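Peer 1: Sharing a structure below in structure tokens format, with a few things to ask.
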Amino acid sequence: MSWKHVILGLIMLAFLAAFPWGPLFAWSPVHPGYRHVRFSSADVLYPDGAALDPAYREIDRYVALAESFHEVKCVKKIRVVVCRNWSDCVRFATPFLGRPLAVTIPTGTLIFITPKAAAFRADIGELLRHELSHAVLKQNRSLVSVLHMRKQPWVSEGVAGLVAEMGTTAPGRQSISLPKKEFLPRAKTEELWLSFAAVPQKDWRFSYTAWVCFWNRQIERNGKATFLRFERACFSDPQGCRSSFGDVYGTDLRSAVEAFQAEVRSGRVVEPERAVF
Ligand SMILES: [Zn+2]
């Protein structure tokens, strides 16, 4: 056997091993060390010997909620991988992974829940609604649009937060957004525009809460149809998001954020819409 055959054989072995143990794990027909539970719109893979949080069993309803909120269809089945530990997460999800609670890859068909979700005592229902909102939107957009939307977190993360907030937090769990009593005193003194002006954020949880409250306000003032018109315009042309905001809402983004901040200073925050399950 020549050295070329040896190298070719090693490449083939590495490729085959990438399915059950590497970055192709989610697409592998076998998942060593993981259980597989099937629902209509999504499959969940979770570690052998671990208990599955009951929120995962609500996944079909959460997908339906995200579809109905954004008025889009989830065309492809989603797979959710609950990583046993960081070492598994890094093997399965690199290069999509920083250190988030969860991540949805750009195709909108695969979600990884990281060990940080357990460490944060995250409300899994809320986390799933957030990621499934990303998933249904990503499935309906081009890859280029999805990648450009990373530079518009005030839209991409804010609107995922709207669906995430449609439920109550399970006892003993933490919401991704800050509780109102923590957010309001800070939002009265800190300049909210800073959360909207750039991509890097000083405090993601604070900015995320500001974005969710801002979009709740926009929907309350101008209605859902206007919001969806903006959402579609922004996702179709992510680089033109800020001018689309002006076109749809008839006011520039900075003025709208300043008006929002004035309301926050007077103690007024629009409560999220609570879906009834
Ligand atoms: Zn997100």
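The values are calculated or read from the model by the stated rules, or taken from the named source; none is laboratory data. Note that the structure is a prediction, hence the values are computed from the model and not measured. With ideal geometry, Cβ positions are generated from the backbone for all residues, glycine too; neighbour counts draw on all protein chains shown.
Peer 1: Please work out if Pro95 is away from the ligand (no atom under 15 Å from the Cβ), exposed (fewer than 13 other Cβ atoms within 10 Å of the Cβ) and modelled with pLDDT of 95 or more.
Peer 2: The answer is no for Pro95.
Peer 1: Would you be able to say whether some residue in segment 122-141 is assigned to a strand (DSSP E or B) and either touching a strand residue (DSSP E or B) at 6+ places or on another chain (Cβ under 9 Å) or away from the ligand (no atom under 14 Å from the Cβ) (or both)?
Peer 2: Narrowing segment 122-141 to residues assigned to a strand (DSSP E or B): 122.
Okay, now just the ones that are also either touching a strand residue (DSSP E or B) at 6+ places or on another chain (Cβ under 9 Å) or away from the ligand (no atom under 14 Å from the Cβ) (or both), so 122.
Yes, that holds for at least one residue.
Peer 1: Would you confirm whether any residue within segment 162-169 is in a helix (DSSP H, G or I), within 14 Å of the ligand (Cβ to nearest atom), buried (at least 22 other Cβ atoms within 10 Å of the Cβ) and assigned by TED's automatic domain parsing to the domain that holds Ile59?
Peer 2: No.
Peer 1: Given (1) crowded, with 22+ Cβ neighbours inside 10 Å; (2) on the phi < 0 side of the Ramachandran plot, where does Gly108 come up short, assuming only one miss?
Peer 2: Of (1) crowded, with 22+ Cβ neighbours inside 10 Å; (2) on the phi < 0 side of the Ramachandran plot, only one is false for Gly108: (2).
Peer 1: Related question: For Arg61, are the conditions met, namely being in a strand (DSSP E or B), more than 16 Å from the ligand (Cβ to nearest atom) and at pLDDT 95 or above?
Peer 2: no
Peer 1: Next up: Would you check which residues across segment 98-116 are in a loop (DSSP other than H, G, I, E, B), more than 13 Å from the ligand (Cβ to nearest atom) and closer than 12 Å to Glu131 by Cβ and list them? Reasoning before the result, please.
Peer 2: At the first step, the residues of segment 98-116 found to be in a loop (DSSP other than H, G, I, E, B) are 98-101, 105-109, 114.
Going one step further and asking which of them are more than 13 Å from the ligand (Cβ to nearest atom), we end up with 99, 107, 109.
Matches in segment 98-116: Thr109 only.
Peer 1: In the list Phe183, Phe230, which residue meets the criterion of being touching a helix residue (DSSP H, G or I) at 6+ places or on another chain (Cβ under 9 Å) and at pLDDT 95 or above?
Peer 2: Only one candidate passes the filter, namely Phe230.
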